[in-house]
Amino acid sequence: MDLEGKRVALGVTGGIAAYKAAELCRLLVKQGASVRVAMSEAAMRFVTPTTFQALSGNPVFTDRWDAGVANGMAHIDFSREAEVLLIAPATADFLAKVANGIADDLLTTLTLARDCPLLVAPAMNRQMWSNPATQRNIATLTGDAVGILGPASGEQACGEIGEGRMLEPAEIVEDVAAHFQPKRLKGRKLLMTAGPTFEAIDPVRGITNLSSGKMGFAIARAARDAGAEVTLVCGPVALPTPRGVTRIDITSALEMHAQVMPRATAHEVFIGVAAVADYRPSKVSEHKTKKDDNPSPVIELAQNPDILADVAALPQPPLCVGFAAETRNLAEYAEKKRRAKKIPLLVGNLIQDGFGGDTNTWILFDDDGQHALEPASKLTLARRLIARIATLLENPHAPH
Ligand code: PMT
């Protein structure tokens, strides 16, 4: 769970997106956070405190003058216990007040009195969002180190289309988790591959494998959360791009090679997560192969270039990290690959553990030997790998 043990104070202001804050609260709790909720009066017109009480498992603050708070200072206590204050949705009116230090109700008062970082997820009509007054307030808040999450663009409750929609609850949870990640790769450029490649036989058939791209996308997200500028070259996968990551879609190994090689030296890290096809059909048939023409065709294969080995062989290579997926003899084959490709770090996983699922089991191979990691979610492992890469960038000889 990405927010295990984190204490999140969730403030809900009065916009139609308030109904989505209930799902947000549920997802924060599901990720392991302990959540305390405070609502503005207007928020209670859209959704009731009982909903948030049931979802968070905690009483909900709704009134600055709450007689149930022993010292009568709900606005002070609320954020003192939190590691982050998240306001979602945050209306234009709320943002304007906070930007100007106004504290005239429970939510604005507890925001002004907070003792922890503030994240806001704006939600409003597109004209309200683009209004110079709102943009001025956003600039002020950014200058005050307030984290602005979104907004997104799309269809609005009023029927108009444009920027101002609140991010989806899952995206906000992702941003809250990112907030807690140390920015150890800030300013670093990271290039990586993910997913399978597809090697065409004819216009409709090809050779591919079962890589879903999940491992690579989790690593892209973890690297982004650590502050890196991430470029992800990926084969055909059905996954949304992590926000802020530059994605380059390719189909074949040759296309992946062509996209990676000219970029490699401009990056400090290269991670080859992709399950690249070792071979491609020597000839691609222009037309669909007909079984009547050839009842038992033989497909001649040519070897694909090894992208990771080629990057590692550059005169000034980035820090190269490879992967190996095997069905057996993992330790022997993985270490052999690491040495053959001349890379400092290789992640070994079993095909039965790694392909397709949401969890994985890793053994890391480096000059010090093997390091087995506990089975974990792909995101948790990705964060561990990114931490290890950050250490290696700081000190290439740091022991594991
Ligand atoms: O995508 P998922 O479903 O989440 O699954 C993740 C994964 C199992 C695909 C991933 O964890 C993984 O192990 N990827 C490497 C798969 C593999 O077996 O690669 P390989 O042994 O063929 O290649 C070794 C290394 O060289 C890899 O880093 C690979 O990206 C790279 N390589 C291989 C061949 C080639 N022509 N070019 C390369 O760059």
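So here's what we get for this one:
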quantity: Qualifying position, being under 17 Å from LYS189 (Cβ atoms) and over 25 Å from the mean Cα position of the chain (by Cα), among VAL284, VAL311; calculated: VAL311
quantity: Those residues of region 351-370 which are crowded, with 17+ Cβ neighbours inside 10 Å and either over 16 Å from GLY213 (Cβ atoms) or not hydrophobic (A, V, I, L, M, F, W, C) (or both), in sequence order; calculated: GLY354, ASN360, THR361, TRP362, ILE363, LEU364, PHE365, ASP366
quantity: Close pairs (7 angstrom Cβ cut-off, 6 or more residues apart or separate chains): more than 22 Å from ARG165 (Cβ to Cβ) in region 108-132, in a loop (DSSP other than H, G, I, E, B) anywhere; calculated: THR108/ILE102; THR109/ARG64; THR109/ALA103; LEU112/GLY101; LEU112/ALA103; CYS116/ALA82; CYS116/GLU83
quantity: Test: residue in region 147-155 that is within 16 Å of the ligand (Cβ to nearest atom) and of a type outside the set (Gly, Ala, Ser); calculated: no
quantity: Residues (among the basic types (Lys, Arg), surrounded by 14 or more Cβ atoms within 10 Å (Cβ to Cβ) and modelled with pLDDT under 95) located in region 239-290; calculated: ARG243
quantity: Wholly within region 291-400, helices (runs of 4 or more DSSP H) carrying at least 1 residues that are under 18 Å from VAL273 (Cα atoms), modelled with pLDDT of 95 or more and more than 8 Å from the ligand (Cβ to nearest atom); calculated: 307-312, 330-341, 378-394
quantity: Sole exception among (1) touching a residue at least 24 places away in the same chain (Cβ under 8 Å); (2) within 15 Å of the ligand (Cβ to nearest atom) for PRO240, by number; calculated: (1)
quantity: Options ALA178, ALA170, ALA152: the member that is within 14 Å of ALA382 (Cβ to Cβ) and either touching an Asp or Glu at 6+ places or on another chain (Cβ under 8 Å) or surrounded by fewer than 16 Cβ atoms within 10 Å (Cβ to Cβ) (or both); calculated: ALA178
quantity: Considering residues of region 99-114 that are within 18 Å of VAL37 (Cβ to Cβ) and touching a helix residue (DSSP H, G or I) at 6+ places or on another chain (Cβ under 8 Å) only, the residue surrounded by the fewest Cβ atoms within 10 Å (Cβ to Cβ); calculated: ALA113
quantity: Residue match in region 253-276 (condition: within 15 Å of the ligand (Cβ to nearest atom), without any contact (Cβ under 8 Å) to a residue 40 or more places away in the chain and part of a loop (DSSP other than H, G, I, E, B)); calculated: no
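The values are calculated or read from the model by the stated rules, or taken from the named source; none is laboratory data. Because the structure is predicted, anything quoted here is derived from the model rather than measured. Neighbour counts are summed over all protein chains in view; Cβ atoms, including those assigned to glycine, are modelled from backbone coordinates with ideal geometry.
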